[in-house]
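Scroll down for the structure; my scribbles are underneath it.
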Amino acid sequence: MNKELLVALLPRKSALKRLKSEGWYHIPVENAPERWAPEVMAFFQGKVFGDEDAYKIRYFGEVERIDMVPRKELFQTTKRNQYKAERLYYRIQLKDLQMRYQPIVSPRPRRLLFVPTTLEKFEKAEQINDLFDGSPLEDRLWSALKYINVLAERQWKIIVQDKNYYLDFAIFCKNGKLAVETDGYTY
């Protein structure tokens, strides 16, 4: 059986420190991805981690349990954040945090909040784009683009008139960019 894996953003160094020392990660219930609940979690380090560690996935672990708790059980409540005290969060407890021998890298800087995928894709991945779990057509096109060494980005975010859209593929050329959509509402 192929396990469900969720890649989640480590927004601050303190989140990684907590993950290492206490073995848990948190996600606001209202922000949890549609594919829920993960059996394994991996963690994407954002730009706050500096040149050496930013835009990489190094850490992962099997989920031991998931509890739904108010924020006040996770963090100290101060006057400034008192309004969030009752907000519900998933506290994801990991069995054992592990470090990947070879990190999964992002060829271009990007901010990824969540990437639902599978353990099989995670184990084979060399870069972030290998993780996306799109349609079979998207996966086939991604394999073909990699085979011919076309540098593309999957699920690339663009903003048009203050709305977020995600391209199936963005290809960055010398004289511009190419957007590729492989499928519409069905594939």
Check: When the distances between all Cα atoms of the stretch 1-133 are binned every 10 Å from zero, what whole-number percent does each bin get?
Finding: 12, 43, 34, 10, 1
Next item on the list: Quote the accessible area belonging to Phe75 in square angstrom, nearest 10, computed with a 1.4 Å probe and with ligands, DNA and RNA left uncounted.
Entry: 40
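Give a quick list of GluC sites (Glu not before Pro) in the stretch 69-121 that DSSP marks as loop, anything other than H, G, I, E or B, with at most 16 other Cβ atoms within 10 Å.
In loop regions of the stretch 69-121 (DSSP not H, G, I, E or B), the sparsely surrounded GluC sites (Glu not before Pro) are Glu86.
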Note to self: Using a 1.4 Å probe on the protein heavy atoms only, what accessible surface does Asp53 show? Give it in Å² to the nearest 10.
What the structure shows: 50
Check: For the stretch 56-187, max minus min Cα coordinate along each principal axis, in Å, sorted largest first?
Finding: 52, 40, 30
Notebook entry, point to check: Is there a pair in Lys13/Lys47; Lys20/Lys95; Lys84/Lys157; Lys124/Lys146; Lys17/Lys47; Lys56/Lys157 whose C-alpha atoms are over 21 Å apart, and which pairs would that be?
Noted result: Lys84/Lys157
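Would you mind calculating the relative contact order of the chain from Cα pairs under 8 angstrom and at least 6 residues apart, reporting the percent as a whole number? Write out the running numbers ahead of the final one.
Values: 322 pairs, mean separation 37.5, N = 187.
With pairs under 8 Å counted, the relative contact order is 20 percent.
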Item checked: Accessible-area order (highest first, 1.4 angstrom probe) of the listed residues Tyr59, Tyr165, Tyr147 -> Tyr147, Tyr165, Tyr59
Next item on the list: Could you work out the per residue convex hull volume over the alpha carbons of the stretch 44-91, in cubic angstrom?
Entry: 106
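Could you give the longest part of the chain that holds none of the trypsin sites (Lys or Arg not before Pro) found in DSSP loops with at most 10 neighbouring Cβ atoms within 10 Å?
Here the longest segment lacking exposed loop sites spans 81-173.
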Margin query: How tilted is helix 13-22 with respect to the longest principal axis of the chain? Cα atoms for both, answer in degrees (0 to 90, nearest 10).
Written below: 60
Notebook entry, point to check: In a shell of Cβ-Cβ distance under 15 Å around Cys173, excluding Cys173 itself, what net charge do Lys and Arg (+1) and Asp and Glu (-1) give?
Noted result: +2
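The values are calculated or read from the model by the stated rules, or taken from the named source; none is laboratory data. This one's a predicted model, so the numbers in the text were calculated from it and none came from an experiment. Cβ: placed from backbone, ideal geometry, glycine included. Neighbour counts: every protein chain shown. The area values use the complete protein model at the heavy-atom level, side chains included, leaving out ligands, DNA and RNA. Shrake-Rupley method; radii C 1.70, N 1.55, O 1.52, S 1.80 Å.
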